[in-house]
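Enquirer: Before I ask anything, let me first share the structure, which is written out below as structure tokens.
The values are calculated or read from the model by the stated rules, or taken from the named source; none is laboratory data. Keep in mind that this is a model prediction, so the values were computed, not measured. Please note: Cβ atoms are built from the backbone with ideal geometry, for glycine as well, and neighbour counts cover all protein chains shown.
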Amino acid sequence: MLLPSALFGGRMSDDLLIPDKHLFKIGEVADLLAVRPHVLRYWESEFAALKPRKSKSNQRLYRRRDIELLREIKRLLYTERLTVAGARKRLREKPAVAEPPGDPVPATSEATQAAPKELVARVAELEADLGRRREETRRLRVALRDGLADIQRLAAEGRRVKKESDGA
């Protein structure tokens, strides 16, 4: 269960908690979105609107609006099952939401100030762990499906061999 963002200083976007900070490294964004970093790099090559900053060491640094865009790309590709071209078209049709001028981080409320930093860190850690577990679950499902196909193929071969030996 995710807590309301006002309690821990993050912003909620559907079911995605974006911690209160200005820039995020690619690994952090990958954990938030439950995708692998190479997927983010691929999407960057396919969607012109996605242009993360680069640090002096050439590390990608994503802003909050980049994460929102990535969340929308993921929704279009994974939930609505659009192709990359279809997602691109849908994003072009959708009006862009501009960030309000000034500091993108909301002013702190009493609840935010009262929330211990340990809670904020723990929630972020749990969400990252959840993303990793979702990815592992997806990989296990694929492995199980492939294993079942192998078992069915071997069973069919076994029946064929038995039939041939019984007939010989």
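Enquirer: Taking Y62 as the residue in question, decide whether it is exposed (fewer than 14 other Cβ atoms within 10 Å of the Cβ) and either modelled with pLDDT of 90 or more or of a type in the set (D, E, K, R) (or both).
Expert: Answer is no for this residue.
Enquirer: Kindly indicate whether A85 is part of a loop (DSSP other than H, G, I, E, B) and more than 18 Å from L130 (Cα to Cα).
Expert: no
Enquirer: Additional query: Please find, among K117, K94, K56, the residue that is at pLDDT below 85, basic (K, R) and more than 22 Å from D20 (Cα to Cα).
Expert: Just a single option satisfies the conditions, and that option is K94.
Enquirer: Moving on to the next point. Taking the residues in the range 10-28 that are at pLDDT 65 or above, under 13 Å from the mean Cα position of the chain (by Cα) and of a type outside the set (A, V, I, L, M) as candidates, determine which candidate is surrounded by the most Cβ atoms within 10 Å (Cβ to Cβ).
Expert: E28
Enquirer: Scan the range 132-158 and report the pairs whose first residue is acidic (D, E) and whose second residue is outside any helix (DSSP H, G or I), with Cβ atoms within less than 8 Å and a gap of 6+ or a chain change.
Expert: E135/A34; E135/V35; E135/R36
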